Amino acid sequence: MKRVRTVDDVMNHSVVSVGLDATVREIVRVLRRWEVSAVPVLSAEGRGVGVVSEADVLRKVPGDAHDDGRAPTASRLMTAPAVTVLRGATIAGAARLMGRGRLKRLPVVDEEGRPVGVVSRGDLLKVHLRSDAELA
């Protein structure tokens, strides 16, 4: 019997995140440094409470905002609640969730809501790749 593949099998186990009080400048630095288009926002307890994407920053931050008290923090920029998936979720379930929400990636959380990775559309497609030997 074939084992059902889970999100944990294909996800990226690295988690790049920001806190609720991260400034726009800090968020943009993280996005650029790690070459990602969105980051989970974590509460003081380490639980995912939202996500800030490049689109959130562009849509919600005035062009003249600086780190002088006028620029919003992650708590104001984030889309909340965060749409997440449990690490034990099936790949098919994660794909449906991403499709319904038109999401490119999902933060992966443990049973307490703490981030343990990120899964992207490309990660989910990995299950359809087979070696030449398997195809033969």
### Query
Is there a residue in the range 43-51 that is modelled with pLDDT under 90, surrounded by 15 or more Cβ atoms within 10 Å (Cβ to Cβ), touching a strand residue (DSSP E or B) at 6+ places or on another chain (Cβ under 9 Å) and of a type in the set (A, V, I, L, M, F, W, C)?
no
### Query
Would you say PRO62 is in contact with a Gly (Cβ under 7 Å, 6 or more places away or on another chain) and at pLDDT below 95?
no
### Task
Name the one entry in LEU124, LEU135 that is open to solvent by less than 60 Å² (accessible area, probe 1.4 Å) and modelled with pLDDT under 90.
LEU124
### Query
What pairs can you find where one residue is in the range 79-104 and closer than 17 Å to VAL116 by Cβ and open to solvent by less than 50 Å² (accessible area, probe 1.4 Å), the other is at pLDDT below 90 and part of a helix (DSSP H, G or I), and their Cβ atoms are less than 6 Å apart, with a gap of 6+ or different chains?
ILE91/LEU124; ILE91/VAL127
### Query
Are any residues in the range 54-63 open to solvent by less than 30 Å² (accessible area, probe 1.4 Å) and within 15 Å of the chain's Cα centre (by Cα), and if so, which ones?
ASP56
### Message
Condition first: among the charged types (D, E, K, R), at pLDDT 95 or above and over 22 Å from THR6 (Cβ atoms). Can you find one or more residues in the range 90-110 that meet it?
### Response
no
### In the range 74-90, residue farthest from VAL10 (Cα to Cα) [restricted to those that are among the polar types (S, T, N, Q) and more than 13 Å from the chain's Cα centre (by Cα)]
SER75
### Query
Filtering the range 91-113 down to residues that are more than 13 Å from VAL10 (Cα to Cα) and of a type in the set (Lys, Arg), which residue is nearest to the chain's Cα centre (by Cα)?
LYS104
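One line per residue, one yes/no per condition, for (1) more than 17 Å from the chain's Cα centre (by Cα); (2) modelled with pLDDT of 90 or more; (3) at positive phi; (4) buried (at least 19 other Cβ atoms within 10 Å of the Cβ):
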residue	(1), (2), (3), (4)
LYS2	yes, no, no, no
MET11	no, yes, no, yes
VAL15	no, no, no, no
VAL30	no, yes, no, no
SER37	no, no, no, no
PRO40	no, yes, no, yes
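The values are calculated or read from the model by the stated rules, or taken from the named source; none is laboratory data. All values reported here derive from a predicted model rather than from experimental measurement. Neighbour counts run over all protein chains shown; Cβ positions are idealised from the backbone, glycine included. Note: accessible area is taken over every heavy atom of the protein model, side chains too, but ligands, DNA and RNA are not part of it. Shrake-Rupley method; radii C 1.70, N 1.55, O 1.52, S 1.80 Å.
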